[in-house]
Each structure stands twice: as C-alpha cells, then as structure tokens.
C-alpha cells in the first residue's frame with residue numbers, strides 16, 4: 001500500500017474541508033468515468049412521489065446506490081421490481097451530503113430475472129401445486145375477534161403501528177405479542193416457533209404476522225418454505241402484513257388474508273367503537289321504521305271495519321267453513337244409514353242360510369238319521385248293511401232301534 005512519510009523539514013499537506021475532499025472525489029469520478037453500463041439486480045426499489053426512483057444495484061459481491069430522475073423513469077418500457085436483473089446506463093456521481101457515490105441512470109433495460117426472484121417463483125409454483133395456497137383450506141377471518149396474536153419484532157415500527165391502530169379503533173381487543181426475529185438466517189425458525197405456539201396455546205382468534213418494509217432480501221424470511229407451511233397449517237386464521245403495499249412474500253399466498261401494511265392488518269381486525277355504534281343505530285332506526293309501517297297498515301285495515309258490518313263480514317268469512325261442516329255431517333249420516341241397511345240385509349241372508357242348513361229343521365220335515373247301533377257314522381247307502389244288523393234311527397223327537405230284515409239295492 002502507498003505510504004507517505006513527512007519530516008519536520010517537509011511542507012505540511014494542505015488541510016481540506018469535507019466538502020472540498022468530496023468535490024475532488026466527485027470530479028475525479030465524473031471525469032474518469034463519464035458513462036458506464038452496469039448490470040445488476042434491483043434491490044429496495046423506492047419510487048418517490050416526485051417521480052424520481054431510488055434503488056440499489058447489486059450482485060454477489062457488491063452494491064451501488066442508483067437514482068433515476070422522473071423524465072427518464074417515465075420512459076421505461078417495463079415496471080421495475082426488486083430482484084429483477086437489469087442493465088443500467090448512466091454516469092457516476094457523488095451524493096455530497098451523504099458522502100456516497102452513486103450512478104445516475106439515464107436508461108435501463110431488463111437483462112433477465114434475478115436469482116432471488118427465480119428461486120421464489122420456483123418455490124411458489126411448487127407449493128401452489130401442493131395446494132398450500134388453496135382458498136378452500138384457509139380458515140375465515142372472524143368478524144369481531146376478541147383476541148389478536150401479533151408475531152413481529154418487538155422493537156420494530158410495525159408493532160407500534162399495530163398497537164396504535166388497535167388502541168384508537170377498539171381498545172377492548174386483547175393483544176398478545178409473540179416477539180420474533182424478522183430478518184436474517186435465524187428469522188424463519190423464530191417465526192415458525194411463534195406460529196406453533198400461538199396455535200398450541202390458542203393465543204388469539206386471529207394471528208397477524210409481518211414486519212415493516214425493506215428490500216426483497218430483507219423480506220426473505222417470510223418466503224421461507226418452513227414459514228409458509230406453518231402459516232398454511234395454522235388452525236387460527238392468519239393475516240400476512242409483510243412490508244408495504246408494493247412488497248410481497250409467499251406468506252401472502254398461504255395466509256387467510258393479505259394486508260397491504262401492518263396498520264391495514266390492525267384495521268381489518270378492529271372495527272372501531274364508533275363504527276359499531278353507528279351500525280347498531282342504523283339497524284335500530286330501520287327496525288323502528290319497519291314496525292311503524294306495519295302498525296300503520298294494521299291501523300288502516302282495522303279502521304275499515306265498523307261495528308255494523310263487522311258481524312256480517314265475519315259471517316262471510318266463516319260461512320264457507322260452516323257449509324263444509326254441515327255437508328260433511330250430512331254425508332256421514334247418509335253413509336251410516338246405508339251401512340246399517342246393508343248390514344241388516346247381510347244378517348237376514350245369513351240367518352236364512354243358517355236355518356236352511358240346520359239338521360233339526362231337516363228332521364222336523366220328516367227326515368231321519370240312520371246309524372248302526374253304537375256308531376256315530378250316518379248311513380247313506382243300504383248296500384253297506386247286512387240282515388240282522390241293529391240300527392238306531394234318530395227322529396226330530398226321539399230315537400228308535402230297528403233290525404234289518406232284508407237289504408234291497
């Protein structure tokens with residue numbers, strides 16, 4: 001390395017102010033490198049309200065700040081985003097107030113996809129194919145949660161924003177903060193542990209998981225596969241509130257709901273007391289109006305009935321029913337009479353048949369029953385008899401014994 005040694009006899013170097021030194025560096029850079037083309041990955045893309053865009057260009061070993069002013073950025077043929085690989089043409093400059101060098105970009109074109117975006121897109125497709133982003137498996141967000149579990153950094157602005165919104169809109173909500181690292185290699189494991197704890201101990205009716213904004217690298221923990229699976233497996237509905245509106249993570253697709261910011265997530269779970277009161281007031285007024293209208297219709301209906309014609313109106317109402325009752329009674333009586341006559345006829349016919357088949361009636365007409373003496377079998381054929389057999393003859397009145405003298409066929 002260069003080394004300068006000064007002796008007491010040598011002239012002292014001129015003392016420069018910070019501004020003078022920065023100006024020298026600025027002139028050296030701008031004169032020696034008036035135009036450069038740099039290829040790198042966009043990180044922390046920040047479009048300003050003025051129309052200017054501020055971002056970082058990076059590769060595996062270094063990064064450089066970049067700015068693209070409104071007139072140039074408005075002519076871009078694509079929409080830049082974090083992780084996108086681009087080729088930027090511009091000039092080097094020094095931002096004096098911060099003492100950092102940067103590239104002022106005149107034009108920029110896409111050079112392909114950044115490594116991080118390629119990795120995230122592949123992971124997104126694979127997890128989607130497994131059904132982890134299916135809306136049907138996501139538990140719904142309750143309308144009025146009483147308990148909210150918040151998984152985020154305990155010192156970050158996201159937690160302060162969430163608590164501020166909840167206190168302002170609905171101070172009655174109970175909040176359980178589950179502190180977690182939200183950036184770096186240890187963040188995924190911490191987020192998974194807190195998600196599992198929230199479910200194991202039922203720490204909330206809904207979970208908000210998230211952090212403030214940052215570059216795509218800063219938000220990588222919320223796209224970690226283990227974290228995404230833990231969000232999808234949560235029995236408690238999860239709201240993903242990662243970064244700002246333009247930021248995204250894979251947790252957004254696995255959660256029951258994605259909020260644009262942590263503050264927006266707090267608003268989603270906390271209906272303000274004033275809003276709830278207004279809804280109750282409107283519902284009460286609607287009900288009262290409906291009841292008044294019903295009572296008025298009833299009053300007008302009753303007014304149309306006078307004491308003179310009320311009985312006649314009632315008679316007209318009941319007359320058809322009474323007529324049907326009378327007709328039904330007459331039909332029943334007729335049916336019973338017809339059934340009685342038919343029953344008497346059947347009884348008379350049965351009595352005649354019974355009398356006609358009565359053995360005693362037959363005997364009274366002069367017939368007799370002949371049996372061998374001591375037998376109960378009635379004889380119907382003379383050929384079965386033999387001379388000198390003894391017979392018993394039964395008459396309508398009494399019996400007589402007889403002996404067979406002769407058998408004639």
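Each value in this text was obtained by applying a stated rule to the coordinates, not by laboratory testing. Being a predicted model, the structure only gives us computed values, none of them experimental. All Cβ positions, even for glycine, are placed from backbone atoms using ideal geometry, and neighbour counts span all protein chains on display.
Data overview
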{"quantity": "Stretchable slack from residue 376 to residue 352, in nm (0.36 nm times residue separation minus alpha-carbon distance)", "calculated": "5.9 nm"}
{"quantity": "Relative contact order (%) - the chain, alpha-carbon pairs under 8 angstrom, separation at least six", "calculated": "9"}
{"quantity": "Highest average packing first - 122-132, 204-214, Cβ atoms within 10 Å", "calculated": "204-214, 122-132"}
{"quantity": "GNM top mover of 352, 93, 383 - the chain, alpha-carbon springs below 10 Å", "calculated": "383"}
{"quantity": "The chain: angle of helix 18-32 to the longest principal axis, Cα-based, in degrees nearest 10", "calculated": "80"}
{"quantity": "Global form of region 18-112, assessed from the alpha-carbon gyration tensor, a/c cut-off 1.5", "calculated": "prolate"}
{"quantity": "With Cα atoms, 0 to 90° folded angle of helix 273-303 axis to the chain main axis", "calculated": "40"}
{"quantity": "Peptide ranges 318-327, 133-142 listed from the most packed, as the mean C-beta count within 10 angstrom indicates", "calculated": "133-142, 318-327"}
{"quantity": "Protection proxy ranking, peptides 190-197, 249-256, 260-267, average beta carbon neighbours within 10 Å, highest first", "calculated": "249-256, 260-267, 190-197"}
{"quantity": "Relative contact order, percent, region 362-403 [alpha-carbon distance under 8 Å, six or more residues apart]", "calculated": "41"}
{"quantity": "Beta bridges by DSSP in region 43-98, antiparallel share as percent, to the nearest 5", "calculated": "100"}
{"quantity": "Helix-only [θ]222 nm of the chain, DSSP H runs n ≥ 4, -39500 (n - 2.57) each, per residue, nearest 500", "calculated": "-13500 deg cm²/dmol"}
{"quantity": "Global form of region 159-266, assessed from the alpha-carbon gyration tensor, a/c cut-off 1.5", "calculated": "oblate"}
{"quantity": "Contour excess over end-to-end distance, with Cα ends at residue 147 and residue 317 and 0.36 nm allotted per residue", "calculated": "55.2 nm"}
{"quantity": "Separation in nanometres of the label points that stand 7 Å from Cα toward Cβ, at residue 63 and residue 75", "calculated": "2.9"}
{"quantity": "Three-way shape label, region 90-184, alpha-carbon gyration tensor, a/c 1.5", "calculated": "oblate"}
{"quantity": "The chain: angle of helix 115-129 to the longest principal axis, Cα-based, in degrees nearest 10", "calculated": "0"}
{"quantity": "Percent of beta bridges antiparallel (DSSP, the chain, rounded to nearest 5)", "calculated": "65"}
